[in-house]
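Structure record follows, encoded as structure tokens.
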Amino acid sequence: MTTWVKARAILNWLNGSTLAGLLVAKLGGAKLTRGPDRLWLAEGYRLSFPVAGAFTIGNVLLTASAFATREERIPGTLAHEARHSSQYACLGVFFLPVYIVAMGWSWLRTGDRAARHFLERMANLKDGGYKDVPVRPLKSLFTR
């Protein structure tokens, strides 16, 4: 286990994001198991928000299905979500507002919520099941 994996786990406990992730998993009726690299896997998440095949809060990776199934369909899903866990360790409580603003920017530039989302790009778009979409000129947004 690397020093960063240990530090990420500690930072996500200290910034409260892992605790929040465990609470969201519990509220969503997910079954929790220990995953690799000090991550928690929350499978069977039943709430309809957020709209995502998988998402991360701190060191908790959540999905409505099972991560083994997701990995079969989209190889790299766990690695992608683990990178988001590292982003939580660095951004703490600022992760969600930064994520939302970046999603808006991506949608504005491409019509896609992830293609130009810098956190999704840093987590590897392909591993997250996202496609890279070309940007559209900004002026096209203001002219018909």
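Structural remarks
- In the stretch 119-144, residue farthest from the chain's Cα centre (by Cα) [restricted to those that are part of a helix (DSSP H, G or I) and among the acidic types (Asp, Glu)]: Asp127
- Some residue of the stretch 70-82 being aliphatic (A, V, I, L, M), more than 24 Å from Ser17 (Cα to Cα) and surrounded by fewer than 16 Cβ atoms within 10 Å (Cβ to Cβ): no
- Screening Ser65 against (1) in contact (Cβ under 8 Å) with a residue 12 or more places away in the chain; (2) exposed (fewer than 13 other Cβ atoms within 10 Å of the Cβ); (3) among the hydroxyl-bearing types (Ser, Thr, Tyr) leaves a single unmet condition, (2).
- The stretch 14-31, residues that are within 17 Å of the chain's Cα centre (by Cα) and either assigned to a helix (DSSP H, G or I) or surrounded by 16 or more Cβ atoms within 10 Å (Cβ to Cβ) (or both): Asn15, Ser17, Thr18, Leu19, Ala20, Gly21, Leu22, Leu23, Val24, Ala25, Gly28, Ala30
- Selection within the stretch 39-62 - without any contact (Cβ under 8 Å) to a residue 60 or more places away in the chain and surrounded by fewer than 18 Cβ atoms within 10 Å (Cβ to Cβ): Gly44, Arg46, Leu47, Ser48, Phe49, Pro50, Val51, Ala52
- Flag if Tyr88 is aromatic (Phe, Trp, Tyr), surrounded by 12 or more Cβ atoms within 10 Å (Cβ to Cβ), in contact (Cβ under 8 Å) with a residue 60 or more places away in the chain and part of a helix (DSSP H, G or I): yes
- Which numbered condition Val93 misses (of (1) modelled with pLDDT under 95; (2) in a loop (DSSP other than H, G, I, E, B)): (2)
- The requirement of being outside any helix (DSSP H, G or I) and of a type outside the set (S, T, N, Q) is satisfied by Asp112.
The values are calculated or read from the model by the stated rules, or taken from the named source; none is laboratory data. Quantities reported herein were computed from a predicted structural model and do not represent experimental measurements. Because the Cβ atoms are built from the backbone with ideal geometry, glycine has one as well, and the counts that use them run over all protein chains shown.
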